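The values are calculated or read from the model by the stated rules, or taken from the named source; none is laboratory data. Please read all numbers here as calculations on a predicted model, not as lab measurements. Every residue, glycine among them, receives a Cβ derived from its backbone with ideal geometry; neighbour counts consider all protein chains shown.
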Amino acid sequence: MIYFFLGKGGVGKTTNAAINALRLSKKSKVLIASTDPAHNLGDVFDISLEHRPINIAENLDACEIDYKRVVEEYLKQITIKIKRKYKYLSAFNLDDSLNILKFSPGVEEDALLRAIWSLVNIDIYENVVIDLPPTGLALRIMALPIINEVWLDKLLKARKKIVDTREALKNISPVFADSSQKDKTNTDEVYNELKKIKEENRLIYSRFSDPKSSSIFIVMNIDKLSYAETLRTLDGLRELEISAKTIIVNRYIEPVADDSLSIMRGIKKSFSNYSIKALPYKEGGIIGIKQLNSAEYFPL
Ligand SMILES: Nc1ncnc2c1ncn2[C@@H]1O[C@H](COP(=O)(O)OP(=O)(O)O)[C@@H](O)[C@H]1O
Ligand SMILES: [Mg+2]
């Protein structure tokens, strides 16, 4: 099972991801991974973490994804593939073009999506907890499989046209004529590669959107901005046909002032279809395994 923790910057995603990872580790082998470029998972556990998972408690491994490294590895993979497939392009300066890719929109998101995908596929873990970046970036990552699908369909169509045209041109000359097979796309390396990417993309989307394999927790505080952002996040997820399961109201203090009372009423009304849990405010935060282990939620 994959557990995603989503929310505005600073609301308590990491703290709650850590609490839940520890709970899951009492009964299963768990990995918790921070994918927020502004990592603080190590600070929350009070243990220094790295890109590769390390063991931090019984049945619990943790890591902080190194963005720069993930993007570099991703571009390296692409370079190897392109160089292998398009050997004749070596006359051009392929490396320069690939360097520019580093700054292209979407590259970081796609690299991070692939990094998350490889983490959730490490088969020693029964549960993987993903501490996501703040909402905007997190939603862009979650939306990628759908956006990619649109592009891949267009690219597959374009590639089919190229293959068909090439075949038609070949058949103009009777010497090359080959009437044995009409559709040549299945023998075209580029077409097959695109199809492979499309299949993987589908798999990612179905795994992330299926409530039987993924569970989304949205963390918020009782304040206007985080309430508004939670409403927008739920809209965004609905558009992607991904449903959240639980709303965590973090740093909970019994509301007394008029504005927090009205936000609380809004929360209960707007999120009546979700499970709403509160985690009380604790002076100084909830730091270290001992404190994280003793944190208690209560239903709202
Ligand atoms: N329930 C809580 N009570 C008090 N402080 C909290 C609580 N949850 C988180 N904090 C503190 O709030 C800050 C942000 O929490 P964090 O989990 O890092 O949020 P995020 O990952 O969303 O940026 C940290 O200083 C953290 O210790
Ligand atoms: Mg964090």
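Below are the figures for this structure:
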{"item": "Filtered residue count, the range 113-134, keeping only those that are within 16 Å of ligand 1 (Cβ to nearest atom), within 10 Å of the chain's Cα centre (by Cα) and over 19 Å from Arg23 (Cβ atoms)", "result": "1"}
{"item": "One residue from Lys268, Lys245 being of a type in the set (Lys, Arg) and more than 29 Å from Glu109 (Cα to Cα)", "result": "Lys268"}
{"item": "Selection within the range 250-281 - among the hydroxyl-bearing types (Ser, Thr, Tyr) and either at pLDDT below 95 or under 19 Å from Arg232 (Cβ atoms) (or both)", "result": "Ser260, Ser262, Ser270, Ser272, Tyr274"}
{"item": "Pair list, Cβ under 6 Å, 6 or more apart: the range 1-28 residue on the phi < 0 side of the Ramachandran plot, other residue away from ligand 2 (no atom under 11 Å from the Cβ) and hydroxyl-bearing (Ser, Thr, Tyr)", "result": "Ile2/Ser214; Tyr3/Ser215; Lys8/Thr135; Lys8/Ser226; Val11/Ser226"}
{"item": "Count of the range 10-41 residues which are of a type in the set (Gly, Ala, Ser) and within 10 Å of ligand 2 (Cβ to nearest atom)", "result": "6"}
{"item": "Enumeration of residues in the range 42-62 that are hydrophobic (A, V, I, L, M, F, W, C), away from ligand 2 (no atom under 14 Å from the Cβ) and either under 24 Å from Asp123 (Cα atoms) or at pLDDT below 95 (or both)", "result": "Ile54, Ile56, Ala57, Leu60"}
{"item": "Count - residues of the range 47-62 that are within 17 Å of the chain's Cα centre (by Cα) and farther than 20 Å from Lys27 by Cα", "result": "1"}
{"item": "Tally, over the range 118-148, of residues that are in a helix (DSSP H, G or I), more than 16 Å from ligand 2 (Cβ to nearest atom) and surrounded by fewer than 16 Cβ atoms within 10 Å (Cβ to Cβ)", "result": "3"}
{"item": "Positions within the range 107-145 being of a type in the set (Ser, Thr, Tyr) and out of contact with any Asp or Glu (no Cβ under 7 Å at 6 or more places or on another chain), in sequence order", "result": "Ser118, Tyr125"}
{"item": "Complete set of residues in the range 19-39 that are near ligand 1 (Cβ under 8 Å from one of its atoms) and either crowded, with 16+ Cβ neighbours inside 10 Å or under 18 Å from Asn293 (Cα atoms) (or both)", "result": "Asp36"}
{"item": "Residue match in the range 219-227 (condition: surrounded by fewer than 19 Cβ atoms within 10 Å (Cβ to Cβ), farther than 16 Å from Gly7 by Cβ, of a type outside the set (A, V, I, L, M, F, W, C) and more than 16 Å from ligand 2 (Cβ to nearest atom))", "result": "no"}
{"item": "Ile2 being under 17 Å from the mean Cα position of the chain (by Cα) and either over 23 Å from Tyr227 (Cα atoms) or more than 16 Å from ligand 2 (Cβ to nearest atom) (or both)", "result": "yes"}
{"item": "Residue in the range 86-117 that is modelled with the highest pLDDT, counting only those that are among the hydroxyl-bearing types (Ser, Thr, Tyr) and outside any helix (DSSP H, G or I)", "result": "Ser104"}
